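Okay, so here's the structure we're looking at.
Each reported figure results from applying straightforward, stated rules to the coordinates on display, with no laboratory input. Treat the numbers as computed from the prediction; the structure is a model and nothing was measured. Here the Cβ positions follow ideal geometry from the backbone for every residue, glycine too, while neighbour counts run over all protein chains shown.
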């Protein structure tokens, strides 16, 4: 019996040992293999991002370099001063804006004598002819300027004109009156002309309006449309009384003759699509008041904001477009409220009988010819004078894009830009502002994206998203570098590529937080799966540890 008891005890001890080893084996496999495997297979994939470079990009330091070439015609300088040519001079002016944003305007001015071909061009009968002939000799790139200094008594310019700003990237300037330091006087005038033909502190500050806290906006605030890769332009004819007026407008011909040349000049800025429509029974939504003095009806400046909303509900173009829509409306007043005039805030009639709304478009009121109004046969035929209408709409289009005349120096005149409606240097001014705005937008977008991804750790960052972020940072840095070198064209193209990449990364569908479970929900899902297996293992481990402690105590007592 003793032998049997000892055999049973040995078997029990072996079973207990085997149970211990089995529990330890399960625990080891679960901890060493299972837990890391579960952790690895359930972790969120996050490609690396250039967080340090994005942080550096959040503090923008722009240096806008304008290459200027000052060319002196023969005899415009005294002999001792002419012997100093050629030479270069650099001037830097900082535009104070914000602690995280600074802009330094750098003017790199080179002084030289005119070549024989340039002398021949400057001897033309008019400054316009000289401007056209000088263009092939300049080789001027976007953002650069060439200023020609001619004799004080030259007949190229009218006597009352001191500066002629051409339609390309050049200007003709009379030499200052006799002074001891002629070059210093020329440098002062050159700076004034450069400010008129390049960017201004106001245009740069408005381009950075999203980053710079400014007080209450004024009447000129936020007039231009924000920078975009494309725009949709819609011309609408509003005829609220078709039973009285049969309006005819040659909008196709007007777009071909007046709009397309301007949009062709702006094609490097963005893509454009143009359409037109006629809306019948579309009223302004505001009842004008009768004015006995003018025997007509009046729309005051205070009632104009209430005109847009009722009309916009009928347009239906903004909802179908991915790009901002510029609306230009031609309104023919109904017979009951005709003629209709627009008054400004001072009560004076607006000469164009039109108004525009910042970042929306413009409306022109087109009154019927008085001779046609006396006709008794209805509906009266109304032939719209498209020349007068398009003059107003193109002027509003320039305002909506921020193409505004700069501070002209005294005695300066501007050349007619011709059929394109836009001078080369005006296009450059727009490119300066849009490049700075694009880079600032990229900085804000990437900073917001980095903060979002750092705050929400369970959002997947795919490789293609990270690649777009890297490209956006690279292109933004390239744009800033090209601006400092004075290469405006390449800087603008880099800024467009940067904003495209940043928007693709920011709006990637894979970054939606709702697609992923937060950590607490992930554990709530997996705990019911692992808990039934983990409890026996944990209880076995606790039992083994307890038995080991008891065996150690028993050993100590025997000793």
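Which entry is the computed volume of the Cα convex hull per residue in Å³ for this structure: (1) 218; (2) 155; (3) 278?
Entry (3).
Given a Förster radius of 35 Å and the C-beta distance between residue 248 and residue 322 as r, what FRET efficiency does 1/(1 + (r/R0)^6) yield to the nearest 0.05?
So, using R0 = 35 Å, E works out to roughly 0.60.
Output the relative contact order of region 231-400, whole-number percent, from Cα pairs under 8 angstrom with separation of 6+ residues.
Worked out over region 231-400, it gives 32 percent.
Just want to confirm a number: the relative contact order over the chain, from Cα pairs under 8 angstrom separated by 6+ residues, in percent.
Worked out over the chain, it gives 18 percent.
Rounded, prolate or oblate for region 69-225? Axes are the square roots of the Cα gyration tensor eigenvalues, ordered a ≥ b ≥ c, and the cut-off for rounded is a/c under 1.5.
Judged from the Cα gyration tensor, region 69-225 comes out prolate (a/c at least 1.5, a/b above b/c).
Only bridges with both residues in the chain count here: give the DSSP antiparallel percent, nearest 5.
Bridges in the chain are about 25 percent antiparallel.
For a protection proxy built on the mean count of beta-carbon atoms within 10 angstrom, sort 280-287, 205-212 highest first, please.
With the highest mean Cβ count within 10 Å placed first, the list reads 205-212, 280-287.
In degrees from 0 to 90, rounded to the nearest 10, what is the angle of the helix 182-197 Cα long axis to the longest principal axis of the chain?
So the helix axis and the longest Cα principal axis differ by about 70 degrees.
Please list 467-474, 86-93, 193-200 highest first by mean number of surrounding beta-carbon atoms within 10 Å per residue.
193-200, 467-474, 86-93
Just to be sure I understand: of the beta bridges DSSP finds with both ends in region 68-199, what percent are antiparallel, rounded to 5?
Just about 45 percent of them are antiparallel.
Extension gain residue 153-residue 123, at 0.36 nm per residue separation less the Cα-Cα distance, in nm?
Fully extending the segment from residue 153 to residue 123 adds 9.5 nm.
Over region 427-515, what is the relative contact order in percent, taking alpha-carbon pairs closer than 8 angstrom and at least six residues apart?
43
Measuring from label point to label point, each 7 Å out along Cα→Cβ, what is the residue 289 to residue 348 span in nm?
For residue 289 paired with residue 348, the spin-label model returns 2.0 nm.
With n ≥ 4 as the cut-off for DSSP H runs, can you work out [θ] at 222 nm for the chain, using -39500 (n - 2.57) per run divided by the number of residues, rounded to the nearest 500?
Calculated at 222 nm, the ellipticity per residue is -14000 deg cm²/dmol.
How would you order 67-78, 293-304 from highest to lowest mean count of nearby Cβ atoms within 10 Å?
67-78, 293-304
Rounded to the nearest Å, what's the spacing between the alpha carbon centres of region 82-146 and region 241-310? Just the number, please.
Here the two parts' Cα centres lie 41 Å apart.
Could you check what % of the DSSP bridge pairs in region 231-400 are antiparallel, to the nearest 5?
20
Could you compute the FRET efficiency for residue 228 and residue 22, with r as their C-beta to C-beta distance and R0 at 60 Å, rounded to 0.05?
Efficiency computed from Cβ-Cβ geometry: 0.30.
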